[in-house]
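Right, one structure below, let's go through it.
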Amino acid sequence: MNAFYKLACALVAWSALSLPNGAQAMQPLSALPASAFNISMAHPDRCSFLRPGIDLSNYHSVLIEPLSFLAPGDNGDWLLLRALPGNPLDHHFRQAMTEALRAHGLTVADAPTADAMRLTLALAYDARTQPVETVLNLAELGDGMAHYLTRVQAVGQVADAHSHIALAGSAELTLSAQRHPANREDILGILDRWSLASADRIALALGQA
């Protein structure tokens, strides 16, 4: 898989993830310059982006959004689902993410503030047996979507709490066909690892590592 293909995978996921956050009218991530994106040489399955001109040190707290899921639909399409209150995976994610952020001395916000960023995570996992709502049928975004989403394991981003402008994000990709976690223990492990890694990256970006 070449770098451009990986970047396309990440862009598709980030764009889809941005839509339910009210970001339809903002500059799409696909319009950002190539210099905004980074494909890790040490981790070839990882891509990230940072919006040019953004100083993340101006943010001092993190508002954790409900956990989302990229799930295959019944007709070969893909759905973006969002956890509803009472979803056990969302509860675990919030607890793990809160602990990881506070370990760096970061404040977890309860509501949007001027210095808060929204943190959103979506996993490639079919959680429709749990309390979730369908946010978006990704097939509506155009043909060929499924081909890219089969490569996405997880995608996360931080956005301004008020404007919803995506500030930075990262995606974990597979090198082969999509493989969902086999059981609940697997997905909890992914949530724990992602929370720790995300808190490390956020703290570094905010100068609090």
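Tell me the residue from Gln178, Gln157 that is modelled with pLDDT of 80 or more and either surrounded by 17 or more Cβ atoms within 10 Å (Cβ to Cβ) or of a type outside the set (Gly, Ala, Ser) (or both), please. If you could, list the steps in order and put the result at the bottom.
Values: Gln178 fails: modelled with pLDDT of 80 or more.
Unique residue meeting the criteria: Gln157.
Open to solvent by 60 Å² or more (accessible area, probe 1.4 Å) and either in contact with a strand residue (DSSP E or B) (Cβ under 7 Å, 6 or more places away or on another chain) or touching a residue at least 60 places away in the same chain (Cβ under 8 Å) (or both), is that true of Tyr125? Even if it seems obvious, please write down each step before you answer.
Details: open to solvent by 60 Å² or more (accessible area, probe 1.4 Å): no; either in contact with a strand residue (DSSP E or B) (Cβ under 7 Å, 6 or more places away or on another chain) or touching a residue at least 60 places away in the same chain (Cβ under 8 Å) (or both): yes.
Taking the combined requirement at face value, the residue does not satisfy it.
Is there any pair with a first residue in region 65-80 that is closer than 16 Å to Ala171 by Cβ and among the hydroxyl-bearing types (Ser, Thr, Tyr) and a second that is modelled with pLDDT of 90 or more and open to solvent by 30 Å² or more (accessible area, probe 1.4 Å) whose Cβ atoms are under 7 Å apart and which are 6 or more apart or on different chains, and what are they?
Ser68/Arg82
Among residues belonging to region 136-149 that are at pLDDT 70 or above and open to solvent by 40 Å² or more (accessible area, probe 1.4 Å), point out the one that is nearest to the chain's Cα centre (by Cα).
Among residues in region 136-149 that are at pLDDT 70 or above and open to solvent by 40 Å² or more (accessible area, probe 1.4 Å), the one nearest to the chain's Cα centre (by Cα) is Tyr148.
Which residue out of Leu188, Leu119 is under 23 Å from Leu89 (Cα atoms), modelled with pLDDT of 90 or more, surrounded by fewer than 21 Cβ atoms within 10 Å (Cβ to Cβ) and in contact with a helix residue (DSSP H, G or I) (Cβ under 9 Å, 6 or more places away or on another chain)? Let's see the steps before the verdict.
Details: Leu119 fails: surrounded by fewer than 21 Cβ atoms within 10 Å (Cβ to Cβ).
From the options Leu188, Leu119, the qualifying one is Leu188.
Which numbered condition in (1) closer than 29 Å to His104 by Cα; (2) modelled with pLDDT under 80; (3) of a type in the set (S, T, N, Q) is the only one that Gln27 fails?
Just one mismatch for Gln27, condition (1).
Can you name the strands (runs of 3 or more DSSP E) wholly within region 24-104 that have at least 1 residues being open to solvent by 50 Å² or more (accessible area, probe 1.4 Å)? Explain how you work it out, then say what you get.
Values: elements: 37-39, 46-50, 61-64, 68-72, 78-83.
Where strands (runs of 3 or more DSSP E) fall fully within region 24-104 and carry at least 1 residues being open to solvent by 50 Å² or more (accessible area, probe 1.4 Å), they are 37-39, 46-50, 78-83.
The values are calculated or read from the model by the stated rules, or taken from the named source; none is laboratory data. Note that the structure is predicted; figures quoted are calculated from it, not measured. For neighbour counting, all protein chains shown are included, and Cβ atoms are generated from backbone atoms with ideal geometry for every residue, glycine included. Only protein heavy atoms, including side chains, enter the accessible area calculation; ligands, DNA and RNA are left aside. Shrake-Rupley method; radii C 1.70, N 1.55, O 1.52, S 1.80 Å.
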